[in-house]
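Input: a single structure, listed below in structure tokens.
The values are calculated or read from the model by the stated rules, or taken from the named source; none is laboratory data. Note that this is a predicted model, so its numbers are computed, not measured. Cβ atoms come from the backbone with ideal geometry, glycine included; neighbour counts cover every protein chain shown. Please note that ligands, DNA and RNA were not included when accessible areas were found on the heavy atoms of the full protein model with its side chains. Shrake-Rupley method; radii C 1.70, N 1.55, O 1.52, S 1.80 Å.
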Amino acid sequence: MTISRRSLVLTALFALLGVAFAVVELPGRPADAATTKRVLAISVDGLSVTAIERLGPGHLPTIYRLMRGGASTREARSEYEQNVTLPNHTSMVTGRRIARSAHGHGVTWNDDRPWMTVQEAAGHPVSSVFSQVGRAGRSSALFASKSKFAIFDRSWPSIDRFVVDGDSDLVDRAARDLVANKRALTVVHLGSPDHHGHRDGGMSAAYRASVIRTDARIGRLLRAIDSSTALRGSTYVLLTADHGFRATATDHSAHLYANYRIPFVVWGPGVARGASLYRLNPDYRAPGTTRPTYAGAQPIRNGDLGNLALDLLGLGPIPGSTLNSTQSLDIR
């Protein structure tokens, strides 16, 4: 048992007073209170805004439920340097840009490198949304459809549960975990649209079908929230993407509008219903069709997600972060 310095001082003081004092070791990760806010962050790999618009609410009832019941934009942006999966997801969880030379996280590759951590990529310690949740004594989980996300589990041991699985089973496991454990933060990565974009082309029939299936899977996560009195009314849902997918293309690395244009949706208690995130945040600048750098007024980026999640949980920003580091992204 590890006894704190404060406990030793109290023990000595009580001994002087002739009072028996027992030191009780508290658990390192206390259970979350039933009334505590929670965040479910969902990233849909390769989700095209064009697909959202063309498929509409008839085919995508869950995504449109989130947009109509929350605040959103269809003009968010990926990171300036790359619109690629692993670099952008690392920005989402660290609140940093990509380029190591600009105090970014340095994760520039997009394959599975079991020997690497984010800290090694950056060349110095890097905190994350997971480490901040852990420091607050709360729990987190990461459910991913690609094994390369194991870099996050290696980099931040504070992640309480890490699961890699196919999208359908992954969602079932995440839904059960949401209800059973009521974690402060659950991150779910769904990769089917990206898979079919690379295999069949963006906006192909197979790609569109995968987006429809993904919408249904997100619906299963929302039903888990709706079914739990502890989660219903206390859970925020953040929905975004790492990049889009240009029609007919099987690659998304080029700096094209369809690739760097992504959605960003916030849904939950007190969120302005049906509101534009740019209307709620006049200090951010809607980018039109452009790809803004990090100079000047900023667009809403997927990298804002980590610090927004912490803000909704009542926690401070990620140390060393630069994206939404003031936690100024308004949702009301």
*Looking at H243, is it touching a Ser or Thr at 6+ places or on another chain (Cβ under 7 Å), closer than 27 Å to A102 by Cα and either open to solvent by 10 Å² or more (accessible area, probe 1.4 Å) or not in a helix (DSSP H, G or I) (or both)?*
yes
_Near pairs, Cβ below 6 angstrom, 6+ apart or cross-chain, from the stretch 46-67 (under 26 Å from V84 (Cβ atoms)) to any residue that is among the aromatic types (F, W, Y) and in a helix (DSSP H, G or I)_ = none
*What's the number of the condition F143 fails, among (1) open to solvent by 20 Å² or more (accessible area, probe 1.4 Å); (2) part of a strand (DSSP E or B)?*
(1)
*asked:* Please pick out the residue among V163, V133, V126, V179 that is assigned to a strand (DSSP E or B) and either modelled with pLDDT of 95 or more or open to solvent by 20 Å² or more (accessible area, probe 1.4 Å) (or both).
replied: V163
*When you scan the stretch 55-79, how many residues do you find that are assigned to a loop (DSSP other than H, G, I, E, B), touching a Gly at 6+ places or on another chain (Cβ under 8 Å) and either within 26 Å of G233 (Cβ to Cβ) or open to solvent by 20 Å² or more (accessible area, probe 1.4 Å) (or both)?*
1
_Residue that is touching a helix residue (DSSP H, G or I) at 6+ places or on another chain (Cβ under 6 Å), open to solvent by less than 10 Å² (accessible area, probe 1.4 Å) and more than 27 Å from T90 (Cβ to Cβ), where the choices are L231, L190_ = L231
*Can you pull out the residues in the stretch 166-176 that are part of a helix (DSSP H, G or I) and among the small types (G, A, S)?*
S168, A174, A175
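Please indicate, with yes or no, whether at least one residue in the stretch 290-299 is within 23 Å of G95 (Cα to Cα) and either among the aliphatic types (A, V, I, L, M) or part of a strand (DSSP E or B) (or both).
Within the stretch 290-299 (the criterion being within 23 Å of G95 (Cα to Cα) and either among the aliphatic types (A, V, I, L, M) or part of a strand (DSSP E or B) (or both)), the answer is yes, since at least one residue qualifies.
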*asked:* Going residue by residue through the stretch 93-111, is there one that turns out to be open to solvent by 20 Å² or more (accessible area, probe 1.4 Å), in contact (Cβ under 8 Å) with a residue 60 or more places away in the chain and within 20 Å of N259 (Cα to Cα)?
replied: yes
_Step by step: first the residues of the stretch 101-123, then only those that are assigned to a loop (DSSP other than H, G, I, E, B) and hydrophobic (A, V, I, L, M, F, W, C), then the one that is farthest from L86 (Cα to Cα). Which residue is that?_
W115
*asked:* Can you report the number of residues in the stretch 203-218 which are open to solvent by 10 Å² or more (accessible area, probe 1.4 Å), in contact (Cβ under 8 Å) with a residue 24 or more places away in the chain and part of a helix (DSSP H, G or I)?
replied: 5
*Within the bounds of the stretch 75-85, is there any residue that is touching a residue at least 60 places away in the same chain (Cβ under 8 Å), under 24 Å from G316 (Cβ atoms) and hydroxyl-bearing (S, T, Y)?*
no
_Filter result (modelled with pLDDT of 50 or more and either open to solvent by 10 Å² or more (accessible area, probe 1.4 Å) or among the acidic types (D, E) (or both)) within the stretch 12-41_ = T36, K37
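Step by step: first the residues of the stretch 272-288, then only those that are farther than 15 Å from N302 by Cα and in contact with a helix residue (DSSP H, G or I) (Cβ under 8 Å, 6 or more places away or on another chain), then the one that is most open to solvent (accessible area, probe 1.4 Å). Which residue is that? Outline the logic, then answer.
Here is the first cut: in the stretch 272-288, the ones farther than 15 Å from N302 by Cα are 272-276, 279-283, 288.
Next, from what is left, pick out any that are in contact with a helix residue (DSSP H, G or I) (Cβ under 8 Å, 6 or more places away or on another chain): 272-274.
Working: A272: 23, R273: 186, G274: 54 Å².
Per the criteria, the residue is R273.
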*Specify the residue that is most open to solvent (accessible area, probe 1.4 Å); the eligible residues are those in the stretch 42-54 that are closer than 18 Å to T240 by Cβ and in a helix (DSSP H, G or I).*
E53
*asked:* Against the definition (among the small types (G, A, S) and farther than 18 Å from L221 by Cα), how does G191 come out, yes or no?
replied: no
*What do you reckon, is A241 of a type outside the set (S, T, Y) and closer than 17 Å to M92 by Cβ?*
yes
*Could you grab the pairs with beta carbons closer than 7 Å, sequence gap of 6+ or different chains, first residue in the stretch 305-332 and open to solvent by less than 20 Å² (accessible area, probe 1.4 Å), second one among the acidic types (D, E)?*
L323/D304; N324/D304; L329/D304
